[in-house]
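Notes to accompany the following structure.
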Amino acid sequence: MSRVRRDKNSAQKNWALAVVLVSIFCIIFFAARGRFQVTASSQTLSLIVSPFQQAVSWVGNEMDYVTTNIWEIATVHQQNKMLRSEVEQLRYQNLQASEFAAENERLRALVDYKQSALQFDMLAARVIGREAASWSSMIVINRGTMDGVEKDMAVVTPQGLVGRISEAGLNSSQVQLILDPRSSVGTLVQRAASRVTGIVEGDISNPTMPRMVNIPKTADVLVGDVIVTSGYGNVYPKGLVVGLVSSIENDAGGLLKYGLLETAVDFQKLEDVAVIIRSREAPPEPLRPPAQTPGTETDPTQDPTAERGDGP
């Protein structure tokens, strides 16, 4: 009996819930169409419906907020990608501009040197390779016989002497640097009070500092003296700067000394050079022995009066 009563009560509750839902639907429907006049009962239903409307409104606002944020995040991400790409392009352009500026500065210095050294016809060249062997000092330039380059032509920069052409190909050539132990350059001290001559050669034990050798122990050579080419040998024109005397050491034999040189050219930064194609400078006078004193001649066929200009 109690079970029947419970089923009856449950059915009544279901009907009541259905009536309420239908009523709510009708109120919302007629309110939307403007056919419903607000009464006291509608206010009661409005209080019931209000939480649902607020929930729907909140969900809608949150969806709008989330959608807006997602769109803004996507937009910012795309803008960041574009900005990063622009930064990379600007960085690359800046590097290119810096490289062009450095190259222009080197070439301008080379052009100024060519215009100031009017006694030489020079051909600009670019370093395109270096010798890998540790016991030699060679570079490769992008000029060859097609450009008028020949073996034994001197190679220079505005700072000083680089070396000589050791092998000339059609469109490239090898340059033997003055740092090479096989290199030999006739030089002299530029200082007018000295003018001591010697030979500059590379030192395998000190690859960055060549030596000026064959200097008499009593010769007037000082630390800081500028060493230039002497012009002897018809390979290097006279007066090209080789370097500065960094220190002076006694030779093992005790009769001679040598000077360690700090080269005028920074060979670690060598990029552009010039080949001296032609020199209009007169070669130096050959060395001549001093006049012989009568009675002490080492060459009996020599006329002692000829050297002094004391002819009959």
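Bear in mind that the values in this text are calculations on the coordinates, not laboratory data. The structure displayed is predicted, hence computed values, not measured ones.
Computed values, structure above
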{"quantity": "Kirkwood-based shape ratio for segment 121-279, expressed as Rg/Rh from alpha carbons", "calculated": "0.98"}
{"quantity": "Segment 121-279: relative contact order as a whole-number percent, Cα under 8 Å and 6+ apart", "calculated": "25 percent"}
